[in-house]
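Read the structure below first, then the notes.
The values are calculated or read from the model by the stated rules, or taken from the named source; none is laboratory data. What you are looking at is a predicted structure, and each value in this text was computed from that prediction instead of being measured. Note: ideal-geometry Cβ built from the backbone for every residue, glycine included; neighbour counts use all protein chains shown. Surface areas here come from the heavy atoms of the whole protein model, side chains and all, with no ligands, DNA or RNA. Shrake-Rupley method; radii C 1.70, N 1.55, O 1.52, S 1.80 Å.
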Amino acid sequence: MNPAVRAESLINELCISSANEIDVEVIAFDSGIEILYERLYGCEATLVGFGSKAIATISPSSSRGRERFSIAHEIGHWLMHRGKSFRCRVDDIVQNYEANIQLEKEADLFASHLLMPTCLFQPAIKAANRPGLRDLQEIANQFDVSLQAVSIRLALLDSLPVIVACYNKAGLKWSLKSPHIPKRWWLCQKLDEDSFAYDLLYSGKLCPRLAKQPAETWFENDDADQYEILEQCMVSTKDHVLVLLYLNDPEMFNVGFDPNVGKSRFSVKTSW
Ligand SMILES: [Zn+2]
């Protein structure tokens, strides 16, 4: 079963009807997992199973959202990948998506849907209309998850024309597009000096709300200068900025394939 469907079925079985009822420790206990908190080195969580019982060890974090994601991720491994032991860099999208570790991706997807099931997450997004990063932070608080986890879930929800990306001074670390955004739109690998994200990273200038930007600031495509998009950014981890882009111009969805951006590079990240 698809990890997302599996997680959401569990939420249904438990008759959970609000975000604050998603107690991952209770769900873990019900699934036969004992949770221990212990400093780990080189990973954030481990899972070891014995018969019908398992022990998940979670490295304590200052962010309860990250701990909760780790627990949900290990529940995913236990329910979907029984018989194996795991040492996980949970919620590390660079590690888990770029390294193409299938089981880690599945556990992340499971965790994402367990903590933010569509039946609860979609109404929260809808209520925020076109959420900026501050709205997403409020939703993150409501679901007790990290801002990054909410941003990724928003992109995968595919209800809005959103791209989320993370950059540092070296360039693009990872990005995720709503699946309905044409793959021809190719993000710049380095931050453009005219982007708000550049100002934030290099000068600390905050970007409090979504604001218009020429699309050429963000895309390598030659015709990007014909369109406008919306950008907002926020510091995520040290030296990294989380960027939220909205492709609001419907014309950006009507243009065809662009032969001038790297085909081979498409194939690397098309699943995003
Ligand atoms: Zn894992």
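Observations on the model:
- Among the residues listed as 222, 258, 239, 249, the single one being touching an Asp or Glu at 6+ places or on another chain (Cβ under 8 Å) and surrounded by fewer than 12 Cβ atoms within 10 Å (Cβ to Cβ): 222
- Against the test of being farther than 23 Å from residue 151 by Cα, out of contact with any helix residue (DSSP H, G or I) (no Cβ under 7 Å at 6 or more places or on another chain) and either open to solvent by 50 Å² or more (accessible area, probe 1.4 Å) or within 11 Å of the ligand (Cβ to nearest atom) (or both), the options 21, 25, 34 yield a single qualifying residue, 34.
- In the range 209-262, of all residues being acidic (Asp, Glu) and within 22 Å of residue 152 (Cα to Cα), the one that is modelled with the highest pLDDT corresponds to 231.
- Unmet criterion (only one of (1) open to solvent by less than 40 Å² (accessible area, probe 1.4 Å); (2) not in a strand (DSSP E or B)) for residue 229: (2)
- Filter pass, residue 9 being within 23 Å of residue 152 (Cβ to Cβ), of a type in the set (S, T, N, Q), within 10 Å of the ligand (Cβ to nearest atom) and not assigned by TED's automatic domain parsing to the domain that holds residue 172: no
- Residue within the range 203-225 that is among the hydroxyl-bearing types (Ser, Thr, Tyr) and not in a helix (DSSP H, G or I) present: no
- Hits in the range 167-187 - residues which are open to solvent by less than 20 Å² (accessible area, probe 1.4 Å), without any contact (Cβ under 8 Å) to a residue 40 or more places away in the chain and at negative phi: 178, 187
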